[in-house]
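Here's the structure, in structure tokens; my notes come after.
The values are calculated or read from the model by the stated rules, or taken from the named source; none is laboratory data. Worth saying up front: this structure is predicted, and the values here are computed from it rather than measured. Positions of Cβ are generated from backbone atoms using ideal geometry, with glycine treated the same way; all protein chains shown enter the neighbour counts.
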Amino acid sequence: MSATMSKKKSSKREEFKQEEVLQAVVLADSFNIRFAPLTHSRPRALLPLANLPLIDYTLEFLWVSGIQSVIVFCSSHADQIKAHIEASKWSTCTSPMEVRTVVFEGCVSMGDAMREVGARSLITNDFVLVNADVVANVNLASVIEKHKMRRLKDKNTVMTMVFKHVLPGQRTRCREDDVAVCMRKTDCRILSYQKLNNAQRIEIPLAMLQEHKDVQLRYDLIDCQICVCSPHVPILFVDNFDYQTREDFTRGILVEEEISGNAIYVEVIEEEYAARVTNLLMYDAISKDVMDRWVYPVVPDTNISNRTDTKYTLGRHNIYLSQDVTLARSSKLNQNVIIGKGTKVGANTHITQSVIGSNCVIGNDVTLDGAYVWDGVTIGDGCEVTMSILDDRVYLENKVTIKKGCVVGSGVRLGPDVSLPEATKLTSTPPEQGDDSFADEESDKVPVYEVAVADRTLIGINGHAYVYQPPAADGDDEIEDIIDDVWGLTIESDDDVSSSESEDEDEVDASTTPPPDDMKLFYDEVIGTLQRVWSEKIGLDNLIVEINSLKHAYNIQIQEVNTLLTKAIFSQPLHTGHTQKKAYMDKIKKDLSKLQPVLENYIRSSASQTDCLNSLEELAIQIEPFQAVLRDVLFLLYDSDILEEDVIISWYNRLSSAGTDVTMRKKLRTQVEKFITWLQETEEESESD
């Protein structure tokens, strides 16, 4: 009898496990003013990143992680969020994931939201807690499973926080989110969590070091702000009304750990991508990462939203074009450019590292560099926009210059012949009569002051705009000032290949050049990593991450990365016995068919292509068999769209005085002369057409 009862209980437990639904709570309110005045008329969750609303990225990665039911918690602009979800693929009858919105208009903090979740008993199982501005390609299934296993062993496990291993110098590291985490090395239980906020030192209690013998201090992590929570978390917020933010919650759990026994654990992701759009700096960084395909398969040409107006085709140098795009023949899209449906680009216009929305009109002789131009924007002839955001329906008349760090709100009109100073923020909405307050970024009231009609030097004679004035900084808001100052400045990164680092390859500052031993070690490591592509079949994304890590580890400049990577790839067949011309070319074609995306990740700009050519020249001088294949290799790289004809011709015409064997360099140019002549004739025919 007891055995039968035991079987029934076991059967019920299994049935309960099968019915357990994986849930997620998505907070669609940000509770700060980082993106004002852009969030004057819509929530941050619906701001476009690479022409898709931020919440679309969040919902997609939750679905990939096996989440079955999502609660989108919203307060301000709830009607817009509900309308967006109802029109999305998540509301179709075939949707694999249920998404519903919950509205609480009195919510002013993350703590309020969690207390409301607890009060309404919306959560019954372990759940994922995330904001609606997270961009990720991580699959949380294993993280969720580990969290559940910990809870089986320790019922006081309340949360698992997801961090990503990020080396210094990468663009997704931002001072606002700088953290130092102390954890137990054996089980990754958090002992201390400190947001540094530009602090010069980290404080670790002596008692913690005395109690725990396996303390690990990590300063190489970014907080993805993705948490797997137990159902007890909302109850803890209900019981502690002083918990307003997640940092309050974390601090409270750690301080009261001895009394309550509650514990928080860490999961560190290495290969996958995850980051939150917390400010303008991160918006810029994550946009570039999406264009650079670091978030693959979440990239523009996969169309994760399934909308017809967000279909893109991918071209060389990460150029993404939607449908019905009109480009003048003399316009030039240089690198990392997205152009939305129905947009027109005029003659002699140059666009670099920029995202253009739908139905925009961009005039002649326009320069866009690091610009984020949203839907329906008109840009007149001769305008320049550098590292700035233009909201929907902005109108720039002729010869308007927008300098770094500017934010131009929807409906603003500027010009003609004006220059907007750095970090200026404009809105088209005047302040309400008698109102000088500011509730939060989702409020309908934004503190602005009207530009005097008589003074048109800022906005132009036809301009219509008001300067946005943020509230006086105090407390945590002071951190925002840091971010405002940072965005728009040049930030070094692994993937933003700066042409200034290799613009003049003959004049490299000796103080920035790594020691020869470091360069040799870096080169040997790259050789070993490339060999593992074939022996261990490691992915190309992982290969790029490893090369970038080696760059930082050995303090290698980007110019050296370009030259040494080129040398490593093209010398490999020679070291494996493929010294005859046909054997070498057969092998290098096979290698390049696999490694081309890696080479293209670094060899993009004219300067980096010159680095590549110089490296091939040096290889031919050092290894005699390579001289016989140099011309064929150049043609292969040209035919593969890695090297451009004008860069090859420029390299040929410029006989470097560097090195000792000028005679050999002249000989090499003689060997490739026929190929250069063919290139020049091809270029002339193209121009005549």
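When the residues of segment 129-147 are filtered to those that are of a type in the set (Val, Ile, Thr) and within 23 Å of ALA50 (Cβ to Cβ), the one that is modelled with the lowest pLDDT is VAL138. Suppose the filter is more than 30 Å from VAL545 (Cα to Cα), of a type in the set (A, V, I, L, M) and at pLDDT 90 or above; does ALA207 pass it? Considered against the rule, which asks whether it is more than 30 Å from VAL545 (Cα to Cα), of a type in the set (A, V, I, L, M) and at pLDDT 90 or above, ALA207 comes out as no.
Could you say whether any residue in segment 604-618 is acidic (Asp, Glu) and touching a Gly at 6+ places or on another chain (Cβ under 8 Å)?
yes
Is it the case that SER571 is under 27 Å from ASN336 (Cβ atoms), of a type in the set (Ser, Thr, Tyr) and either out of contact with any strand residue (DSSP E or B) (no Cβ under 6 Å at 6 or more places or on another chain) or buried (at least 19 other Cβ atoms within 10 Å of the Cβ) (or both)? Talk me through it step by step, then tell me what you get.
Working: under 27 Å from ASN336 (Cβ atoms): no; of a type in the set (Ser, Thr, Tyr): yes; either out of contact with any strand residue (DSSP E or B) (no Cβ under 6 Å at 6 or more places or on another chain) or buried (at least 19 other Cβ atoms within 10 Å of the Cβ) (or both): yes.
No, not satisfied.
Any idea which of ASP324, ASP284 is of a type in the set (Asp, Glu), at pLDDT 90 or above and closer than 14 Å to PRO48 by Cβ?
Working: ASP324 fails: closer than 14 Å to PRO48 by Cβ.
Only one candidate passes the filter, namely ASP284.
The single condition among (1) buried (at least 17 other Cβ atoms within 10 Å of the Cβ); (2) over 30 Å from the mean Cα position of the chain (by Cα); (3) among the polar types (S, T, N, Q) that SER192 does not satisfy is (2).
Looking across segment 138-172, the residues that are within 14 Å of GLN225 (Cα to Cα) and within 20 Å of the chain's Cα centre (by Cα) come down to VAL138, LEU140, VAL162, PHE163, LYS164, HIS165, THR172. Scanning segment 337-349 for residues that are buried (at least 22 other Cβ atoms within 10 Å of the Cβ), assigned to a loop (DSSP other than H, G, I, E, B) and under 25 Å from the mean Cα position of the chain (by Cα) returns GLY340, THR343.
This table checks each residue for (1) closer than 27 Å to VAL418 by Cα; (2) part of a loop (DSSP other than H, G, I, E, B).
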| residue | (1), (2) |
| --- | --- |
| ASP309 | no, no |
| LEU314 | no, no |
| ASP324 | no, yes |
| ARG329 | no, yes |
| ILE351 | yes, no |
| LEU368 | yes, no |
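PRO597 passes all but one of (1) in contact with a Leu (Cβ under 7 Å, 6 or more places away or on another chain); (2) part of a loop (DSSP other than H, G, I, E, B); (3) of a type outside the set (S, T, N, Q); which number fails? PRO597 satisfies all of (1) in contact with a Leu (Cβ under 7 Å, 6 or more places away or on another chain); (2) part of a loop (DSSP other than H, G, I, E, B); (3) of a type outside the set (S, T, N, Q) except (2). Whether any residue in segment 286-296 is closer than 30 Å to ILE253 by Cβ, surrounded by 20 or more Cβ atoms within 10 Å (Cβ to Cβ), under 18 Å from the mean Cα position of the chain (by Cα) and outside the structural domain of VAL355 (by TED's automatic domain parsing) is what I want to check. There is at least one residue in segment 286-296 that is closer than 30 Å to ILE253 by Cβ, surrounded by 20 or more Cβ atoms within 10 Å (Cβ to Cβ), under 18 Å from the mean Cα position of the chain (by Cα) and outside the structural domain of VAL355 (by TED's automatic domain parsing).
Quick check on this structure: which one of LYS82, LYS155 is of a type outside the set (S, T, N, Q) and at pLDDT 90 or above?
Values: LYS155 fails: at pLDDT 90 or above.
None of the other options fit; the residue is LYS82.
The rows are residues; the columns are (1) touching a residue at least 12 places away in the same chain (Cβ under 8 Å); (2) among the β-branched types (Val, Ile, Thr); (3) surrounded by fewer than 16 Cβ atoms within 10 Å (Cβ to Cβ).
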| residue | (1), (2), (3) |
| --- | --- |
| THR579 | yes, yes, no |
| LYS589 | yes, no, yes |
| LEU616 | yes, no, no |
| ILE623 | yes, yes, yes |
| LEU637 | yes, no, no |
| ILE648 | yes, yes, no |
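Of all residue pairs spaced 6 or more apart or on separate chains, those with beta-carbon atoms under 7 Å, a first member in segment 510-526 that is at pLDDT below 80 and a second member that is surrounded by fewer than 16 Cβ atoms within 10 Å (Cβ to Cβ) and not β-branched (Val, Ile, Thr) are PRO514/ASN555; ASP518/ASN555. The residues of segment 298-332 that are touching a helix residue (DSSP H, G or I) at 6+ places or on another chain (Cβ under 9 Å), surrounded by fewer than 21 Cβ atoms within 10 Å (Cβ to Cβ) and more than 23 Å from ALA87 (Cα to Cα), listed by number, are THR313, LEU314, ARG316, HIS317. Among the residues of segment 111-157, those that are among the hydroxyl-bearing types (Ser, Thr, Tyr) and farther than 19 Å from ASP187 by Cα comprise SER121, THR124.
The condition of being basic (Lys, Arg), more than 25 Å from GLN680 (Cβ to Cβ) and under 29 Å from the mean Cα position of the chain (by Cα) holds for LYS594. GLY405 meets each of the listed conditions (1) part of a loop (DSSP other than H, G, I, E, B); (2) at pLDDT 95 or above apart from (2).
When ALA180 is tested against (1) small (Gly, Ala, Ser); (2) surrounded by fewer than 20 Cβ atoms within 10 Å (Cβ to Cβ); (3) touching a helix residue (DSSP H, G or I) at 6+ places or on another chain (Cβ under 9 Å), exactly one condition is not met: (3).
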